[in-house]
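> Have a look at this one.
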Amino acid sequence: MPQLRLWTERWCVGKVLNLFAGRTRLNVDEYRVDCDPAMQADFHGDAYTFVKNTDMKLDTIILDPPYNIRQAREKHEGRCIGSLTKTKNALLRVLNDNGRAISMGYDTTGMSQIRGFHKLAICVICHSGRHNDTLAVVEQLGARLRVRNY
């Protein structure tokens, strides 16, 4: 969705790791990871394996995995994404101080406060019809900012 792409780009800072990159290329300094060899990516393979073994240091991480088993089957030929919890925990070693995480899914848990993240923004994307809304959350590591409600 073009509006979601633009919203995401506006929240990105510095070097960006786009896990589960898919088809959409962002107009940012992104390093793309995807398990599907048909996708344009800098690394093809499991997100957790990449994060666990990379020496990269990043300013923004985008997490847009399949939101449920149905999506994994329909859009990713049934490939599992492994443990998202393990991947999130491993991301802490590659994210710079005050780095950002942008997570998309059916909830706003994101990286969560338990890992030292604080929410900066939440976006609700209505796909209309019988499709679930997508929720996107921007969080910053170590940030304790006052969030304004609009």
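The values are calculated or read from the model by the stated rules, or taken from the named source; none is laboratory data. No experiment lies behind these values; they were computed from the predicted model shown. Here the Cβ is made from the backbone with ideal geometry for all residues, glycine too, and neighbour counts use every protein chain on show.
> Every residue in the stretch 63-92 that is modelled with pLDDT of 90 or more and either assigned to a strand (DSSP E or B) or touching a His at 6+ places or on another chain (Cβ under 9 Å) (or both), please.
LEU63 - this is the single residue of the stretch 63-92 that is modelled with pLDDT of 90 or more and either assigned to a strand (DSSP E or B) or touching a His at 6+ places or on another chain (Cβ under 9 Å) (or both).
> Mind telling me which of the residues VAL51, VAL33 ends up being in contact with a His (Cβ under 9 Å, 6 or more places away or on another chain), at pLDDT 90 or above and not in a loop (DSSP other than H, G, I, E, B)? Don't jump to the end; show me each part of the working.
On the way: VAL51 fails: in contact with a His (Cβ under 9 Å, 6 or more places away or on another chain).
Going through VAL51, VAL33 in turn, just one is in contact with a His (Cβ under 9 Å, 6 or more places away or on another chain), at pLDDT 90 or above and not in a loop (DSSP other than H, G, I, E, B): VAL33.
> Out of all the residues in the stretch 93-106, which are out of contact with any Leu (no Cβ under 6 Å at 6 or more places or on another chain) and outside any strand (DSSP E or B)?
Those that are out of contact with any Leu (no Cβ under 6 Å at 6 or more places or on another chain) and outside any strand (DSSP E or B): ARG93, TYR106.
> Would you be able to tell me the number of residues in the stretch 27-46 that are in contact with a Cys (Cβ under 7 Å, 6 or more places away or on another chain) and among the hydrophobic types (A, V, I, L, M, F, W, C)?
1
> Sticking with this structure for a sec: Across the stretch 114-142, what is the total count of residues that are in contact with a helix residue (DSSP H, G or I) (Cβ under 8 Å, 6 or more places away or on another chain) and either small (Gly, Ala, Ser) or assigned to a loop (DSSP other than H, G, I, E, B) (or both)?
2
> Within the stretch 25-51, count every residue that is of a type in the set (Val, Ile, Thr), farther than 12 Å from ILE62 by Cα and either surrounded by fewer than 19 Cβ atoms within 10 Å (Cβ to Cβ) or touching a Phe, Trp or Tyr at 6+ places or on another chain (Cβ under 8 Å) (or both). Give the derivation first.
First, the residues of the stretch 25-51 that are of a type in the set (Val, Ile, Thr): 28, 33, 49, 51.
Still in the list and also farther than 12 Å from ILE62 by Cα: 49, 51.
Then drop every residue that is not either surrounded by fewer than 19 Cβ atoms within 10 Å (Cβ to Cβ) or touching a Phe, Trp or Tyr at 6+ places or on another chain (Cβ under 8 Å) (or both), which leaves 49.
Total meeting the criteria: 1.
> Output the residue which, of all residues in the stretch 128-144 that are out of contact with any Asp or Glu (no Cβ under 7 Å at 6 or more places or on another chain) and more than 15 Å from TRP11 (Cα to Cα), is modelled with the lowest pLDDT.
Only one residue fits best here, namely ARG144.
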